[in-house]
Amino acid sequence: MRVGLLTGGSDCPGLNAVIRAVVRKGVQDHGDTFVGFRDGWRGVLVDDAAELGITDVRGTLPRGGTILGSSRTDPLAQADGPARVRATLESRGLDGLIVIGGIHTLGAAASLADEHGLPCVGVPKTIDNDVSRTDYTVGFDTAVTVATETIDRLHTTAESHKRVLVVEVMGRESGWIATYAGLAGGANGVLIPEYPFDLERVCSWVTSRFGASYAPIVVVADNARPAGTTVRLGGLSGIGEWLGREIERRTGHEARATVLGHIQRGGTPTPFDRWLATRFGLHAIEAVHDRAWGRMVALQGTEVTRVRLADAVAAPKTVDRSRYAENEVFFG
């Protein structure tokens, strides 16, 4: 078969491992040929692509980012978008298209497959881990590892200076990175978008920890917000900076914020992300050969399965109360 590949949305570690696995298995086991579209859906819309072979993916397993480039282009934003996608696939002689992306990139693939009959298979990637019907997405484990290592480092400086340290992590509308890294890093408070936080309660955690001669660390997801309070974030200041200022004002303890930002997206993928990305790639090319259009490969337990793309992107996967409650025993 002749197969197209694209990586859309924000970059994350592990994308190249997916591409490598697809190409290696496709070429070696099936005699497939591949076309890599540049910069996500933009490359499909304007037919910007290049042939992709084994030599092109050699040595990319530990490499972060994506050799294909990425963008947030939405092929459904214009009325003629689906027709342009179809025209590109036909002109390139493609039998299928493997779409590697998060909710928005895969959402477009779901619509193109279900509503326009285009041959799309999805692979879930995002550091936010917010794609439904899969336990993990490519890139999440690396982001959690980066955040956890940061918290580990901050413990010593917090103790040395008797400061409150606030660590702001990414997550969009889901608090998966904060929840996992907070538990793994021994944070004394974790604040996530799913559950608006009580600022006075956070301050009580801080006071309690100092009472035990311990400098606390609070992890906050970038879209977490306090209950009953409107927060106006101006300029480059985020919720982490705001929270640090409020804690210092209310408790009298010096506070500093560390914003991880795009550090979570960059660098070498962890062994788990390489393993997951590779398995997803191997199963994605098999899904293409089975003509499982409108499906996404997913990790459920230890098995890679297939789920409907439309179901996977219907709503973001969020942190449920019981999972979040596991952290609370360490608060305060």
Please report the carbon-and-sulfur percent of the accessible area for the stretch 196-289; probe 1.4 Å, protein heavy atoms only, DNA, RNA and ligands left out. 50
Using Cα springs under 10 Å in a Gaussian network model of the chain, which residue among 278, 142, 258 shows the largest mean-square fluctuation? 258
Would you mind getting me the FRET efficiency between residue 2 and residue 84? Use the beta-carbon distance for r and R0 = 30 Å, nearest 0.05. 0.95
Among 271, 111, 289 the positive-end extreme of the charge dipole of the chain (Cβ point charges): 271
Roughly speaking, what is the centre-to-centre gap between the stretch 105-119 and the stretch 167-245 when only Cα atoms are used, to the nearest Å? 37
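Scale the Cα Rg of the stretch 211-285 by the rule-of-thumb value 2.2 N^0.38 Å and send over the ratio, two decimals. Don't jump to the answer; show the numbers that get you there.
Values: Rg = 18.6 Å, N = 75, 2.2 N^0.38 = 11.3 Å.
Compared with the compact-globule rule of thumb, the stretch 211-285 sits at 1.64.
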What does the charge count near residue 255 come to, summing +1 for each Lys or Arg and -1 for each Asp or Glu among other residues with Cβ under 12 Å from its Cβ? +2
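If you count only protein heavy atoms with a 1.4 Å probe, what accessible area per residue comes out for the chain, rounded to a whole Å²?
Numbers: 13380 Å² over 332 residues.
Each residue of the chain exposes 40 Å² on average to a 1.4 Å probe.
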Looking at the chain, what % of its DSSP beta bridges pair antiparallel, to the nearest 5? 25
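Please go through the stretch 249-332 and write out the trypsin sites (Lys or Arg not before Pro) that DSSP classes as loop and that have at most 16 other C-beta atoms within 10 Å.
Values: sites: 249, 250, 256, 265, 274, 279, 291, 295, 306, 308, 317, 321, 323; in loops: 265, 291, 317.
For trypsin sites (Lys or Arg not before Pro) across the stretch 249-332 that sit outside H, G, I, E and B with at most 16 neighbouring Cβ atoms in 10 Å, the list reads 291.
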With residue 78 itself left out, Lys, Arg at +1 and Asp, Glu at -1 over residues whose Cβ is under 14 Å from its Cβ give +1
State, in angstrom, two size descriptors of the chain derived from its alpha carbons: Rg to one decimal place and Dmax to the nearest whole number. 21.6, 69
Of 157, 270, 105, which is the most mobile in a GNM of the chain whose springs link Cα atoms less than 10 angstrom apart? 157
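Roughly what % of DSSP beta bridges within the stretch 1-139 run antiparallel, to the nearest 5? Please list the in-between numbers first.
Working: 4 of 19 bridges.
Bridges in the stretch 1-139 are about 20 percent antiparallel.
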Rounded to whole Hz, the Karplus (6.51, -1.76, 1.60) HN-Hα couplings of the stretch 182-188, x for glycine and proline: x, 5, 5, x, x, 5, 9
Over the stretch 127-258, what lengths in whole Å, largest first, do the semi-axes of the equivalent ellipsoid take, defined as the square roots of 5 times the eigenvalues of the alpha-carbon gyration tensor? 24, 18, 12
Selected from 177, 54, 98 as most flexible by GNM, with the chain as the system and alpha-carbon contacts under 10 Å: 54
Loop only by DSSP, 13 or fewer other Cβ within 10 Å of the Cβ. Give me the trypsin sites (Lys or Arg not before Pro) in the stretch 40-140 that pass, ordered by residue number. 58
In the stretch 171-238, the trypsin sites (Lys or Arg not before Pro) that fall in loop regions by DSSP, at most 11 other Cβ within 10 Å: 232
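Give me D for the stretch 33-188 in µm² s⁻¹, whole number, from Stokes-Einstein with Rh from the Kirkwood sum over alpha-carbon pairs, 10 °C and 1.306 mPa s. Intermediate values should be presented prior to the final figure.
Values: Rh = 17.9 Å.
It diffuses with D of about 89 µm²/s by this estimate.
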If the viscosity is 1.002 mPa s and the temperature 20 °C, what Stokes-Einstein diffusion coefficient in µm²/s follows for the stretch 92-170 when Rh is the Kirkwood radius over Cα pairs? 140
If you wrap a convex hull around the Cα atoms of the stretch 280-332, how much volume per residue is inside, in Å³? 105
Rule-of-thumb check for the stretch 231-275: C-alpha Rg over 2.2 N^0.38 Å? 1.67
Run the simple label-point estimate for residue 303 and residue 263 please: 7 Å along Cα→C-beta, distance reported in nm. 4.0
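The values are calculated or read from the model by the stated rules, or taken from the named source; none is laboratory data. Treat the numbers as computed from the prediction; the structure is a model and nothing was measured. Note that each Cβ is placed from the backbone with ideal geometry, even for glycine, and that neighbours are counted across all protein chains shown. Note: accessible area is taken over every heavy atom of the protein model, side chains too, but ligands, DNA and RNA are not part of it. Shrake-Rupley method; radii C 1.70, N 1.55, O 1.52, S 1.80 Å.
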